[in-house]
Ligand SMILES: Nc1ncnc2c1ncn2[C@@H]1O[C@H](COP(=O)(O)OP(=O)(O)O)[C@@H](O)[C@H]1O
Ligand SMILES: [Mg+2]
């Protein structure tokens, strides 16, 4: 079992047609045919969208994505058209709503990894490969890889796992030329972002991008970019391969859910419970800290 603990009811806004409820975002189309993407404060963990929101999370993800889109613009254009609130939109959408180019999305999650952990580590321990790519012996949880790798995944529906796939499988699905363009762009963007984060004392262990094609056939960087929801950020000061790393994200949520305090069994059919206020506050603080560390800007 998984999915939404409580399925949110999308807001009705005159002039906007609601298209889709994602785990975190609501998608609408405006009268010009553009995509209106509204980031909520929802948080997901263990394939569930939790019943408790993290205040300001939607605005952190939006502001951080915009900051990165700007820095990356010479490598690949972003889907953002405007940050202006559409006429008639609720005032609380301010700061978490983007008008974007509606793209033909590539059905591949473009993951770049510079460090070994998570599903990459699990595969490595079995086969010494990640997404079919051979890696040297002796790597442990948190090790830096000899060079960053492109480890694509197929996107799952809400409540399902994404699945790692080989580069060859991606090339079969979307064509060799597009696959090569995605790999090259993913690694270029990862490399730039990793270096910038590094200067600020943050390790960008891995990250996921989504790309689409615009009406002219140009490749465009879409969705959210280089946020704590789409990336693993580790404080460089405490990085130590050989154990799980601290991270600027929803680690508190995951730790609490799997602790006896939550009373929840991940493997049961039961939906996860509401988060206690201290976990909400600690998680909110982590998201704000990530924003401030990475951008060097105060949140307020
Ligand atoms: N420019 C775009 N054009 C079309 N779809 C987009 C664009 N940018 C992002 N998307 C899609 O919008 C959705 C964002 O909502 P989100 O809550 O992150 O969904 P998910 O549950 O799939 O992660 C994703 O399905 C993403 O693929
Ligand atoms: Mg998403």
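Here, each number is a calculation from the coordinates, and none is a lab measurement. As the structure is a prediction and not an experimental result, all values here were calculated from the model. Virtual Cβ from ideal backbone geometry, glycine too; neighbours counted across all protein chains shown.
Here the calculated FRET efficiency for residue 134 and residue 266, from their Cβ-Cβ distance with R0 = 35 Å, stands at 0.65, rounded to the nearest 0.05. Taking 0.36 nm per residue of separation and subtracting the Cα-Cα distance, full extension of the segment from residue 184 to residue 281 would add 31.0 nm.
Using Cα springs under 10 Å in a Gaussian network model of the chain, which residue among 34, 206, 229 shows the largest mean-square fluctuation? Ranking 34, 206, 229 by mean-square fluctuation puts 34 first.
Summing -39500 (n - 2.57) over the DSSP H runs of n ≥ 4 in the chain and dividing by its residue number, what mean residue ellipticity at 222 nm do you reach, to the nearest 500 deg cm²/dmol? -9000 deg cm²/dmol, from helical runs alone. Normalised by 2.2 N^0.38 Å, where N counts its residues, the alpha-carbon radius of gyration of region 150-300 equals 1.22. Across the chain, the mean sequence separation of Cα contacts (distance under 8 Å, 6 or more residues apart), normalised by length, yields a relative contact order of 19 percent. Taking other Cβ atoms within 10 Å as a rough exposure proxy, 137, 210, 199 sort from fewest to most as 137, 199, 210.
With neighbours defined as other Cβ atoms within 10 Å of a residue's Cβ, the residues 149, 196 order from fewest to most as 196, 149. Summary of the geometry: region 25-53 and region 170-219, compared by the centres of their Cα atoms, lie 22 Å apart. The residue 53 and residue 91 beta-carbon pair, evaluated with R₀ = 22 Å, returns a calculated FRET efficiency of approximately 0.80. In terms of its C-alpha gyration tensor, the chain comes out rounded, because the ratio a/c of the largest to the smallest axis stays below 1.5. Between 94, 84, 123, the Gaussian network model of the chain with springs among Cα atoms under 10 angstrom shows the greatest mean-square fluctuation at 84. Each of 59, 200, 300 was scored by other Cβ atoms within 10 Å of its Cβ. Arranged with the fewest first, they read 300, 200, 59.
Computed from the Cβ-Cβ distance with R0 of 35 Å, the FRET efficiency linking residue 9 to residue 255 stands at 0.70.
Inter-label distance, residue 126 to residue 214: 4.1 nm, where each label sits 7 Å from its Cα along the C-beta direction. Placing a label point 7 Å from the Cα of residue 75 along the Cα-to-Cβ direction, the residues of region 148-174 whose backbone N falls under 17 Å from that point are 148-152.
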